[in-house]
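Heads up: the structure comes next, in structure tokens.
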Amino acid sequence: MRILISGGSVAGPALAYWLNRHGHETTLVERAPGVRDGGAAIDFRGTALDVLERMDLLGTMREHQTRMDSMSLVDDSGKVVATLPDEAISGDLEVLKADVTRILYEATRSQTAYLFDNTVTRLDQTDSGVTAGFESGPSREFDLVVGADGLHSAVRRLAFGPESDYLRHLGIYGALFTTGNFLDLDHAGLMYNTPGRSALAFAARGNTELRVGLSFVADGLAYDRRDREQQNDLVAKAYADAGWEVPRLLEAMRGAKEFFFDSSSQVVMDRWSAGRVALLGDAAYCAAPTSGRGTSQALIGAYVLAGELAAGDGHAAAFDRYEQVMRPYVERNQAHGRAAARFFFQQPDDDTVEALGEEVDDTVDLPDYLGTTARRA
């Protein structure tokens, strides 16, 4: 089949990898002008490692792991008041998102047609296919379309309706950016919490960089998603009286080349498909950054969706089975994401540390799709 994928972060290229392997023709459209750089470190947990191994990419990912030691919680003066073990923060394997995206791109570029600096603007379905319109270039015909384009999915909006019908805001906004390692951290991170606010900084790129996250409680902020200066001002206002190293972090934020700002939200949907259009990863079931499992969901979901399409029972049956396999896992992760959001902004006491370290079932009973015919568990 000819399959269009929208989104070039993790879920989209991972799906392209498996669709290519099963013999489909893939096109991937991505709004960014090239392979995305920047972003925080992302975690792989449980069954996601099995998927990476089946992709023959686990060894490559391990070569790029951050090798973080621990995360220390500090007070206004910088005194360490508690420590979270690395497994609570980094999962089973932690890699910078930029490295993950580049590795997946390299694994698919020879077989997938990438359309950078573009986006889907129209989807017209018939019984036999989907006509996709684009911001630039002519319309094209596809057998299926998959939206793997994140929290603010264009495909979801076109095929399912406005995002307000599906987003569940957790009351948190956050900024991510990269700066120099002026804290001299060595494969470690620091977290500073005050009521309703959290500042996180961790070493990256051989301790040459700091990846910084500034998150704060707010309800329904109005802002232009394309106006960085306005977003910088919102963050600075939220942290105006914060202690520790926050004033220096705010100054670094304004000069950072890489900057991202958004709400912490979940996507909750009754169905992840409509006709010949399906959703994958955050577009379908974002669990929020507080879950630490968005990347694992994307990888596992891509493997399952492509495998079910390879079973040859038709796209409708494949989409149904994809949901049956994934929903229990997604629901666990979303519950954890909501709980973590509640704990995240408490003062760092023993109960908070214990709650964040609670074990979550990160396993999925994966069918084996690697044969010529899918063998379902």
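Figure legend. Inter-residue proximity from the stretch 115-126: first residues among the small types (Gly, Ala, Ser), second residues not in a strand (DSSP E or B), beta-carbon distance below 8 Å, spacing 6+ or different chains. No pairs are indicated.
Look through Arg102, Arg109, Arg156 and report the one residue that is touching a Phe, Trp or Tyr at 6+ places or on another chain (Cβ under 8 Å), modelled with pLDDT of 95 or more and among the charged types (D, E, K, R).
Numbers: Arg102 fails: touching a Phe, Trp or Tyr at 6+ places or on another chain (Cβ under 8 Å); Arg109 fails: touching a Phe, Trp or Tyr at 6+ places or on another chain (Cβ under 8 Å).
Just a single option satisfies the conditions, and that option is Arg156.
Pairing residues of the stretch 151-176 that are on the phi < 0 side of the Ramachandran plot and surrounded by fewer than 16 Cβ atoms within 10 Å (Cβ to Cβ) with residues that are of a type in the set (Lys, Arg) and outside any loop (DSSP other than H, G, I, E, B), at Cβ distances under 9 Å and at least 6 apart in sequence or on separate chains, gives Arg168/Arg338. Reported count of residues in the stretch 255-313, each being crowded, with 24+ Cβ neighbours inside 10 Å and among the hydrophobic types (A, V, I, L, M, F, W, C), is 19.
Here is the figure for the stretch 321-355: residues that are buried (at least 20 other Cβ atoms within 10 Å of the Cβ) and either closer than 16 Å to Ala288 by Cα or at pLDDT below 55 (or both) total 10. When Thr66 is tested against the conditions (1) surrounded by fewer than 18 Cβ atoms within 10 Å (Cβ to Cβ); (2) among the polar types (S, T, N, Q); (3) under 18 Å from the mean Cα position of the chain (by Cα), the lone failure is (1). Is it the case that Ala302 is part of a helix (DSSP H, G or I), touching a His at 6+ places or on another chain (Cβ under 9 Å) and at negative phi? It is false that Ala302 is part of a helix (DSSP H, G or I), touching a His at 6+ places or on another chain (Cβ under 9 Å) and at negative phi. Those helices (runs of 4 or more DSSP H) of the stretch 1-87 that lie entirely within it include none in which at least 3 residues are within 30 Å of Asn193 (Cβ to Cβ) and either among the β-branched types (Val, Ile, Thr) or in contact with a helix residue (DSSP H, G or I) (Cβ under 8 Å, 6 or more places away or on another chain) (or both). Checked against the criteria, Leu57 does not count as touching a Ser or Thr at 6+ places or on another chain (Cβ under 9 Å), more than 21 Å from Phe261 (Cα to Cα) and buried (at least 19 other Cβ atoms within 10 Å of the Cβ). Considering Ala218, Ala199, Ala236, the condition of being of a type in the set (Gly, Ala, Ser), surrounded by fewer than 20 Cβ atoms within 10 Å (Cβ to Cβ) and in contact with a strand residue (DSSP E or B) (Cβ under 8 Å, 6 or more places away or on another chain) is satisfied by Ala218 alone. Residues in the stretch 220-239 that are part of a loop (DSSP other than H, G, I, E, B), in contact with a Leu (Cβ under 9 Å, 6 or more places away or on another chain) and not hydroxyl-bearing (Ser, Thr, Tyr): Leu221 alone. One residue stands out in the stretch 4-27 among those that are within 25 Å of Phe261 (Cβ to Cβ) and of a type in the set (A, V, I, L, M, F, W, C): the one that is surrounded by the most Cβ atoms within 10 Å (Cβ to Cβ), namely Ala11. Within the stretch 117-134, which residues are under 26 Å from the mean Cα position of the chain (by Cα), exposed (fewer than 14 other Cβ atoms within 10 Å of the Cβ) and outside any strand (DSSP E or B)? Residue satisfying the conditions is Asp117 alone. Summed over the stretch 44-81, the residues that are under 22 Å from Val360 (Cα atoms), of a type in the set (Asp, Glu) and at pLDDT 90 or above give a count of 2.
The values are calculated or read from the model by the stated rules, or taken from the named source; none is laboratory data. All values reported here derive from a predicted model rather than from experimental measurement. Positions of Cβ are backbone-derived with ideal geometry, glycine not excepted, and every protein chain shown enters the neighbour counts.
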